[in-house]
Amino acid sequence: MPPQEHNDIHGNENDSSSETKKNNVSLEMTSSGFSNNGFVEDNNNRNNKTVNEEKKKVDEEDGFDFDDLLPHIGEFGNYQKILFLLMIPFAFFVAWVYFSQIFITVNPEQYWCRVPELENLTVEQRKVLAIPQTDESFAKCSMYGVNFTEILLNGTKQPNKEWPTIPCLHGWEYNFTDVPYNTIATDLDWVCENSTLPTIAQAIFFCGAILGGLVFGWIADRYGRIPSLVGTNIVGLIGGVATAFCTTFWSFCVCRFLVGMAFDNCFTMMYILVLEYVGPKWRTFVANMSIAIFFTFAACILPWMALALADWKLLSIVTSAPLALALLTPWFVPESARWLASQGKINKAIDILRKFQRINKVDIKEEIYKKFEDGCNAALKEEENSKNYSVLDLFKTPRLRKVTLLLIVIWMAISLTFDGHVRNVGSLGLDIFLTFTIASITEFPADTLLTVILDVWGRRWLAFGTMVLSGIFSILATTVPYGIPSATFAIIGRFAVNISYNIGLQYAAELLPTVVRAQGVALIHIMGYVSSILAPFIVYLANISPSFPLLILGGIGIIGGILALFLPETLGHELPQNLQDGENFGLDQKFLEFPCTRKKEEEIKPVSPYFRKRSSLRASARASFRGQIRSNAIQRKGSDRIV
């Protein structure tokens, strides 16, 4: 399955600025406490007048930013609902870009050497006479090396076991019962000594994804979300349609590299943009349900599209041509007002927000826009004098370095396990089309369940549990009969790693300090792509034994889950703002600490509820806004699937 703005918009609502923290501390000493959310009532309260004065003071100091304006416009009004529905085609695009190669390159289970001299015989007669048999199955990559013209003249109907065997000389024949159409792999005979070619092409796809993240990330920063969204989809369109005209392996690789450049970005840019316009309390719903419903549905119908079209060239065109709809995006989707404001184009941002106001049918006083404009200008001015940090700062202190390295390794394990399960469906001994559909459906309950339990069970133990569970069921799949039993266990493993995937980058976004969060999460995300390059090669080991991929994926899942226990828990804790916060974060936590057992008053440091609310709203907007200003090429590949 984005940059700073996604991380801070969606995953960091407890994060607060250091300035707000100072206000919290001073206010705690003299202001009232509250019983809900762990706040204890204090009879020695300041009076309401004093609290209002403090509130006014914070407004003046922190400014009036995007998330302050959103409640006036509507956090999930008519326009936001329209944008949510406009995510549908882009969710379809990313699913088809990601999965289509499986059905373009899949090989039938049975194939054998073609012998031109025997073409007048039936299929079964040809196989019996020309193909060696072992364990009641016919060899796939060898044939008898005899003069079959002479054999036919002699009237021989059965082979002599003494005949020598040689590699196939004239290509292959295929049994299209399980895959009832030609694929590029069957057209170009990517079997036997060439069976690794689809695997190499898939690895090249992920190389394209890395470059695409950097290129279109830079475009998103420099020219805006809409140009990047249009550009990435057009590149995917060109690569996907051109795939249908490939006649060589290397031309196929070039096209898959282009399609890989579109992967993720063709949806992520829209995903980011919509989240930037949705209020905090709706972001979890939009982020999860756009994937759980739209992405899952697109993935589930893809196998049946392949069957209905029954032609790999048509499948390439049909799954790629709709990307041309992205050309219409500028007429239907507004540019990110957050990005415009971060670039100093505040009047353009306000024009877009006025359109939201009209469609959402709300009235906003002109002074609200004036406060927003003043707040943006103040933030821009403040940013000019702020210190710039780099991702290298994460490795300068021992504890933060350990956390960063753990996050990288864990995310690589999650990405590798997830992609391995996705591509291993053809090795489970069942119909690949039905198995792929069932495995894809697991995305919906996984996303839905995670929405319910993540803020109850916490990140650390849930990441551990789901990854280990995925590993255990993957390994168990190798201990039961091949077919339905093994496929069932493998699909349960896929379900568990779906949950792990959605935890992974939110966890990273919450653990890394705000000042380097975007760059750190971007680095972790790209390292996930690097590990995904290995997934097709692991799946290829099924040609040696169907158990090998599941054993490897299971072992990686268990190791990744165990490593997650060495990270601190973030649920109920104020998140690190600066590098020193990151170094000290979690020092007071016990290894066996479990969020469910924590008392309410221990969940977060007691601060005034007014300021706690402000920090949750302001962190997402301010950090996002500031992240736009200091972001660079790598930042745009942050976290596409933060929950």
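The values are calculated or read from the model by the stated rules, or taken from the named source; none is laboratory data. As the structure is a prediction and not an experimental result, all values here were calculated from the model. Using ideal geometry, Cβ is built from the backbone for each residue, glycine included, and neighbour counts are taken over all protein chains shown. These accessible areas exclude ligands, DNA and RNA; they are computed on the full protein's heavy atoms, side chains included. Shrake-Rupley method; radii C 1.70, N 1.55, O 1.52, S 1.80 Å.
Brief remarks follow.
- Test item: Cα-centred dipole of the stretch 370-506, Lys/Arg +1 and Asp/Glu -1 on Cβ, debye: 520
- Annotation note: chymotrypsin sites (Phe, Trp or Tyr not before Pro) in the stretch 233-264 located in DSSP loop regions with a Cβ neighbour count of at most 14 within 10 Å are Phe245.
- Residue separation of Glu162 and Asn175 scaled by 0.36 nm, minus their Cα-Cα distance, works out to 2.0 nm of gained length.
- The slack between Leu449 and Phe566, meaning 0.36 nm per residue of separation minus the straight C-alpha distance, is 39.7 nm.
- Over 26 Å between alpha carbons, listed pairs Lys281/Lys355; Lys81/Lys355; Lys345/Lys396; Lys81/Lys281; Lys281/Lys396: Lys345/Lys396; Lys281/Lys396
- The solvent-accessible area of Glu373, taken with every protein chain present and a 1.4 Å probe, is close to 60 Å².
- Inter-label distance for Lys81 and Asn182, nm, one decimal - labels placed 7 Å from Cα along Cα-to-Cβ: 5.0
- Computed from backbone phi with θ = phi - 60° and the Karplus coefficients 6.51, -1.76 and 1.60, the 3J(HN,Hα) list for the stretch 212-219 is x, x, 6, 5, 6, x, 4, 4 Hz; x is used for glycine and proline.
- Backbone N within the stretch 161-179 under 17 Å of label point (7 Å from Glu150 Cα along the Cβ vector): 161-166
- Accessible-area value, Ser427, 1.4 Å probe, nucleic acids and ligands omitted, Å²: 20
- For the stretch 215-307, size of Cβ-based charge dipole, Lys and Arg +1, Asp and Glu -1, in debye: 100
- Between the beta carbons of Phe249 and Asn120, assuming R0 = 35 Å, the FRET efficiency works out to 0.60 to the nearest 0.05.
- Going by accessible surface with a 1.4 Å probe and the largest first, Met305, Met270 read Met305, Met270.
- Per-atom-type breakdown for the stretch 251-346 gives carbon and sulfur 77% of the accessible area (1.4 Å probe, protein chains only).
- The heavy atoms of Glu367 present about 120 square angstrom of accessible area, all protein chains included, probe 1.4 Å.
- Residue order for Trp172, Trp339, Trp457 - accessible surface, 1.4 angstrom probe, largest first: Trp457, Trp172, Trp339
- Seen through its C-alpha gyration tensor, with square-root eigenvalues sorted a ≥ b ≥ c, the stretch 81-134 comes out prolate because a/c lies at 1.5 or above while a/b is bigger than b/c.
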